[in-house]
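So the structure is just underneath, and the comments pick up after that.
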Ligand code: GLP
């Protein structure tokens with residue numbers, strides 16, 4: 001676990017993921033969306049513009065998507081267009097297609113694509129207010145693979161800020177097996193609203209009740225927190 005000042009969070013997140021991919025030729029990197037990683041993508045963009053980071057080497061993979069219209073402005077696809085594609089040299093993100101004729105088949109396509117690339121080298125993750133990882137909601141098994149899921153209430157409440165009345169009730173997500181099976185797992189959390197769930201994930205039992213606690217099962221993992229998200233931690 002590493003706790004940094006809020007103003008240093010983006011740079012620290014970029015440094016952590018760059019360190020995790022060091023020495024790999026074409027790292028397969030699972031990428032999150034949401035408010036939290038915005039500063040990570042901005043920091044990676046600055047590094048790329050300075051020539052200190054070659055985004056073209058990475059093979060980026062979306063960790064999840066809303067089960068809504070493919071080109072909706074609140075979709076993860078739109079998020080990646082705004083935040084990832086703005087990084088000079090960045091390759092297109094491998095993504096779920098929420099409008100595929102067969103959404104379950106689309107999840108299988110993602111699972112097989114990740115497997116064919118040798119699995120994720122790094123999974124960069126956020127944490128939901130209920131402890132979800134990507135869209136692996138509480139109750140998800142550590143063995144779960146990419147699949148279509150029903151979103152729980154807290155996830156829909158968070159989504160409503162952007163989606164409003166059109167908030168999807170489903171999501172498409174990589175499973176906990178693909179995410180926690182990555183060679184390195186970086187979980188990012190910032191802001192005081194995450195302090196309670198961050199404490200549960202790091203100091204509570206490892207359990208499907210808090211999927212983010214499963215990050216601790218990954219041999220190489222880092223919870224990177226800003227001081228507000230780490231405020232409730234009691235262990236040294
Ligand atoms: C969303 C995503 C997650 C993300 C989480 C936290 O529901 N499916 O992958 O980590 O919410 O988002 P935020 O960083 O906006 O709090």
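Just so you know, all these numbers are worked out from the coordinates, no wet-lab data involved. In this text, all values refer to a predicted model and were calculated from it rather than measured experimentally. Positions of Cβ are generated from backbone atoms using ideal geometry, with glycine treated the same way; all protein chains shown enter the neighbour counts.
DSSP bridge analysis restricted to the chain gives an antiparallel fraction near 30%, rounded to the nearest 5. Annotation for residue 203 and residue 234: the two label points, set 7 Å from Cα along the Cα-Cβ direction, are 0.5 nm apart.
Can you compute the label reach from residue 26? Point 7 Å from Cα along the Cβ direction, backbone N cut-off under 18 Å, restricted to segment 40-82. Taking a point 7 Å out along Cα→Cβ of residue 26, the residues of segment 40-82 whose backbone N falls under 18 Å are 54-62. Across q = 0.10, 0.16, 0.19 Å⁻¹, segment 120-236 modelled as identical point scatterers on its alpha-carbon atoms has Debye log10 I(q)/I(0) values of -0.28, -0.71, -0.99, in the order of the q list.
Of interest is the spacing of the C-alpha centroids, which for segment 99-170 and segment 191-208 amounts to 19 Å. Rounded to the nearest angstrom and listed largest first, the equivalent-ellipsoid semi-axes of segment 1-47 from its Cα gyration tensor are 19, 13, 10.
A viscosity of 0.890 mPa s and a temperature of 25 °C, combined with the Kirkwood radius over Cα pairs in Stokes-Einstein, give a translational diffusion coefficient for segment 1-92 of 177 µm²/s. Kirkwood radius and radius of gyration were both taken over the C-alpha atoms of segment 119-174, and their ratio Rg/Rh is 0.98.
Kirkwood radius and radius of gyration were both taken over the C-alpha atoms of segment 39-113, and their ratio Rg/Rh is 1.03.
For the chain, with a Gaussian network of springs between Cα atoms less than 10 Å apart, report the residue from 89, 164, 126 with the top mean-square fluctuation. Highest fluctuation of the listed residues: 164. Rg/Rh, computed from the Cα trace of the chain with Rh as the Kirkwood radius, has the value 0.93.
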